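Reviewing the structure listed below.
The values are calculated or read from the model by the stated rules, or taken from the named source; none is laboratory data. The shown structure was predicted, so the numbers you read here are calculated from the model rather than taken from an experiment. All Cβ positions, glycine included, derive from the backbone under ideal geometry; neighbour counts span all protein chains shown. Ligands, DNA and RNA are stripped out before the accessible areas are found, and what is left, the full protein with its side chains, is counted by its heavy atoms. Shrake-Rupley method; radii C 1.70, N 1.55, O 1.52, S 1.80 Å.
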Amino acid sequence: MMKIEFQDKIDNYLLNRMPENERRAFEKEMNGNEELQEQLKFTKNVRSVLESRNEKLAKMKKWDEDEQIQVSGRSRRTWGYAISGIAAVFIMGFFLFSAVFDNNNVLTGQTPVTAPEQIPSDDVLSIEKNRKLLASIEEKEIEVLSELRALTSRGNVNSAGEEEKERVSSLKKQLEDLRWSRVKAMVELKDYKQALILLEEIRQSESSYQEKADSLYQILKK
Amino acid sequence: MILKIFNTTYSDVALVEGMYNHIPEMENALYKYCKKYFNENYKSVLFAGEEDKEDIFQEAFVVLWNNIEKQYLYVENGVLKGRDGQPFAGKLTSYFMSIVRLKNLEIARQNKRKLSVENEERNKWEEQKKQYMDLVCGSKEDVGIEVIADCVSHMSKRCSQILTMFYYEEKTLDDIMAELPTFESKNALKTAKYKCMETLRKSATLIRQRLINS
């Protein structure tokens, strides 16, 4: 039979909660008391068992938690791979679709020239706006022409500096673009007579718009 | 039986040896090995009830672990041997499931469930005693601490909580009272603790006497 009064002393002794003098007194008391010794031994065994058991249970709990983390991590990774794969398929499909059905210049490399009613223009402008546009194009054309004449009137362009040559080349390109824009504006305004005159000039020159001008000229002539 | 975990192969010998040498990877591997086998086969073994499944597995694994630590199962010259020093005849999983059956029987009795006629036959003390001696205790000489360990595993949750907090976590009675507010005074807690220890002692003494005197 265990004694409750012994248990307090035993607990304090085992858990090192006893001052040194009390420990010595308790050990002396134990020497002559078999019952006390038995109870001490039993308490020690219980403590040892609890220690061993709880350490094992704690490890087992940790392993289960780690397993849960791994399983949820694997699950998240699986979802991640699946979503990435689907996204990759969509992205590739998008680019493929765009490439195949792009009707600008990916496959043919050409901008189609169509009849006047079908000449593409970036904005749908009213007649008034087109007139204003035409006026501004003509104004700009005069500016560019003046600068070009000023540069070329200095003498032989071939003997001019690199910078000047580049500038002349750039102005000539600008002039070509402006004349073509003027053609388009005239067509928008249905001023085909003036457009034909300008187109004749362009197709006779060495402009980059020569071919287009020739095509449009043939269409308008009809 | 060979176990593959994370593409690594472990034999029964490696698992027991690793467990004995406290190698963390092997401890984990054996745990997963037993858990996997248990989950695949418990239905043919358990009759205590599905709700006790986790408790049974935990208690059984603790017993297996203890047995390896006490070298009731051990490795010598690369051979797995049993308590009798002879090469271990069976598989580690079969040994583990024997422990599971024993624990199942104990828990079913504890819960006072109605057993089938077949199970009542298996309940006879003589047969259980043999299993108990084989699986839980090494020999009659060192029955004491093993029986205590077994009785601790069957303690009520309340007693388990109090004794764990006092002896394992080394908390004072004041600390325990703070965490278990159902105790109105320190004396009440002290009395409860004493009663848990007394119950434990009585159970262990009874089992020990029956084993030794048989």
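Straight Cα distances below 16 angstrom link B:K43 to the lysines B:K35, B:K53, B:K103, with same-chain residues fewer than 8 positions distant left out.
Here segment A:1-99 was treated as a single set of alpha-carbon atoms; its pair distances binned every 5 Å from 0 give 2, 10, 11, 11, 8, 6, 6, 5, 5, 5, 5, 4, 4, 4, 3, 3, 3, 2, 1, 0, 0 percent. Within the straight-line cut-off of under 15 Å between alpha carbons, the aspartates and glutamates reachable from A:K140 are A:E176, A:D177, sequence neighbours fewer than 8 places apart in one chain being disregarded.
Here the Karplus relation 6.51 cos²θ - 1.76 cosθ + 1.60, evaluated at θ = phi - 60°, turns the backbone of segment B:61-67 into coupling constants of 5, 4, 5, 4, 4, 4, 4 Hz, with x for every Gly and Pro. Inter-part distance, segment A:1-72 to segment B:68-86, computed on C-alpha centroids, equals 29 Å. The distance between label points at A:R76 and A:D214 comes to 6.7 nm (points 7 Å beyond Cα on the Cα→Cβ vector).
Buried area at the B:A interface is about 3300 square angstrom, summed over both chains, from accessible surfaces computed with a 1.4 angstrom probe.
As a fraction of the 1.4 Å probe accessible area of segment B:172-214, surface on carbon and sulfur atoms comes out at 52 percent. Computed with the Debye formula from one identical point scatterer per Cα of segment A:171-222, without solvent, the log10 of I(q)/I(0) at q = 0.15, 0.24, 0.30 Å⁻¹ comes to -0.33, -0.84, -1.23. Taking Cα centre as origin and charging only the Cβ of basic (Lys, Arg, +1) and acidic (Asp, Glu, -1) residues, the dipole magnitude of segment B:44-90 rounds to 400 debye. Put a dot 7 Å past the Cα of A:E201, heading toward its Cβ, do the same for B:S156, and the two dots end up 11.2 nm apart. Which pairs in the list A:K184/A:K221; A:K61/B:K202; A:K132/A:K190; A:K56/B:K157 are over 24 Å apart, alpha-carbon to alpha-carbon? Cα-Cα > 24 Å for A:K61/B:K202; rest within.
Counts of other chain beta carbons within 10 angstrom of each beta carbon in peptide B:191-201 average 4.
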